[in-house]
Amino acid sequence: MACAIRLWLRRDLRYPVLGSDSHTCSYGAVGAFSSGIDRTEAAALLLTGETWLKVPQSIKMTLSGSLQKWVTAKDVILHIIGDISVSGADYCSVEFQGDIKQFSVDDRFTMANMGVEMGAKNAVFPVDEVMTTYLSSRGIPKSKYTPVSADADATYYRETSYKLREIPPVVAAPHSVDNVKPVTEVEGIEIQQCLLGTCTNGRLSDFQVAAKILKGKKVHPTVRLLILPASRQVYLDAVKEGVIETLVNAGGTVLPPGCGPCLGAHQGVLAPGERCISTSNRNFKGRMGCVDAEIYLASPATVAASAIHGRITDPRKEMKR
């Protein structure tokens, strides 16, 4: 019989974060056990103050080495999902370990966000110096939390390892997140829409990467470039730094912060036969509002480079021009 844990709704940092969005697992970036629950369960939790979860098995993912230039955290997590499949970590707790100091807090949010795309109950980074510095900058001193990490002799349900240097820019082709290919295999495919943003890659650093590629250039005349900040604060910061100006001058259109075209809600819904290359987290058939459209997932660098040419483009080639 599977073990279970009972959770109470309390304002205590020792307790997990649960939310009625499947990408609540994003908080694994700050070392929290966080997971999505459906809205009915969330309502019951609010009414009763408690819920039940099975204790998940643990998967250790060791990342070693350093990334190639213009390869990002988005490429890493897509590569991992392509390797183990969309069900490869079903109801498991994924732990990222190894050479992780190179991953910024934004990078960690991107990777933890997509833990659910490999079936994981949560995906978590350890609380290291990168994270304590970030929390301190947000007004949260070390005295306010007690990091939890795996024991030195911990055993795992499964262990995998990835050499970061061997990972190229990649793209998840329709209609599954694990249909991952090196960008060189899908290069040249025409696209009509580029989406930069969402909860996966809608942070300031993501727009900075795109702006570096798009500065002084123009979006292809047959392409719509949509800019979707993840929050109002990101929007304000991007405006303050001039990043939004660069993207708009290139031909981008800024959308209201939050959710939108990623799930086919508004602005950017695809027409039949159109293709979109997006920094979002899902490319299921019909995800962006039309079952006769195609969605490709990629990093902000790949999306920005593709916007210039109207075709899927390797960002490494664009930066050599």
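Here is a check on your reading of the model: is VAL209 over 28 Å from ILE100 (Cβ atoms) and at pLDDT 95 or above? Give the derivation first.
Numbers: over 28 Å from ILE100 (Cβ atoms): no; at pLDDT 95 or above: yes.
No, not satisfied.
Residue-wise test of (1) touching a residue at least 12 places away in the same chain (Cβ under 8 Å); (2) under 25 Å from ASP106 (Cα atoms); (3) polar (S, T, N, Q).
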site: PHE207; (1), (2), (3): yes, yes, no
site: ILE213; (1), (2), (3): yes, yes, no
site: LEU226; (1), (2), (3): yes, yes, no
site: GLN233; (1), (2), (3): no, yes, yes
site: ASP237; (1), (2), (3): yes, yes, no
site: PRO261; (1), (2), (3): yes, yes, no
site: ALA271; (1), (2), (3): yes, no, no
site: THR279; (1), (2), (3): yes, yes, yes
site: ARG287; (1), (2), (3): yes, yes, no
Of the residues that make up region 9-16, is at least one aliphatic (A, V, I, L, M), touching a helix residue (DSSP H, G or I) at 6+ places or on another chain (Cβ under 9 Å) and modelled with pLDDT of 90 or more?
no
Residues in region 269-288 that are surrounded by 15 or more Cβ atoms within 10 Å (Cβ to Cβ) and over 19 Å from the mean Cα position of the chain (by Cα): how many?
4
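Given the criteria surrounded by 21 or more Cβ atoms within 10 Å (Cβ to Cβ), assigned to a strand (DSSP E or B) and either in contact with a Lys or Arg (Cβ under 7 Å, 6 or more places away or on another chain) or assigned by TED's automatic domain parsing to the domain that holds GLY119 (or both), does SER58 qualify?
Criteria not met by SER58.
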Scan region 78-91 and give yes if some residue there is under 22 Å from ASP178 (Cα atoms), of a type in the set (A, V, I, L, M, F, W, C) and part of a loop (DSSP other than H, G, I, E, B), otherwise no.
yes
Among the listed residues VAL127, VAL177, which satisfies the condition of being part of a loop (DSSP other than H, G, I, E, B), on the phi < 0 side of the Ramachandran plot and touching an Asp or Glu at 6+ places or on another chain (Cβ under 7 Å)?
VAL177
Subset of region 269-293 (residues that are among the β-branched types (Val, Ile, Thr) and modelled with pLDDT under 90)
VAL269
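Quick grid of which residues meet (1) of a type in the set (Gly, Ala, Ser); (2) buried (at least 17 other Cβ atoms within 10 Å of the Cβ); (3) not assigned by TED's automatic domain parsing to the domain that holds VAL148:
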position: THR62; (1), (2), (3): no, no, no
position: VAL71; (1), (2), (3): no, yes, no
position: ALA112; (1), (2), (3): yes, yes, no
position: ASN122; (1), (2), (3): no, yes, no
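The values are calculated or read from the model by the stated rules, or taken from the named source; none is laboratory data. Everything numeric in this text was worked out from a predicted model, so none of it was measured. Please note: Cβ atoms are built from the backbone with ideal geometry, for glycine as well, and neighbour counts cover all protein chains shown.
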